[in-house]
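These notes are about the structure you will find just below.
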Amino acid sequence: MDVESMRLLATALVMAFGAVGPALSIGFIGAKSVEAMGRNPEAAPKIQTMAILAIAFCEAIAIYALVIALIEKFV
């Protein structure tokens, strides 16, 4: 394999692992927050705020993976 094909493979792997982790995390956060709101509806605003904040941090990890993949591809 030449260098270009290895670079494309590395880019694909970075994006694959960088997307799967945050996707699983966001699903887990969403499921547990809905479960918590179902058990205690009075605390729903606090739970929702914390869940949205946690989802934003998980999404930032995916954006970092995208940046790294783009750097690998074009540099």
**Study point:** In Hz, Karplus ³J(HN,Hα) per residue of the range 35-45 (6.51, -1.76, 1.60; θ = phi - 60°; x = Gly, Pro)
**Key:** 4, 5, 5, x, 7, 9, x, 5, 8, 4, x
Practice item. Mind jotting down the three principal axis lengths of the chain based on Cα atoms? Whole angstrom, largest first. Key: 59, 17, 6
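Where a number appears in this text, it was derived from the coordinates with a stated rule and is not lab data. Everything numeric in this text was worked out from a predicted model, so none of it was measured.
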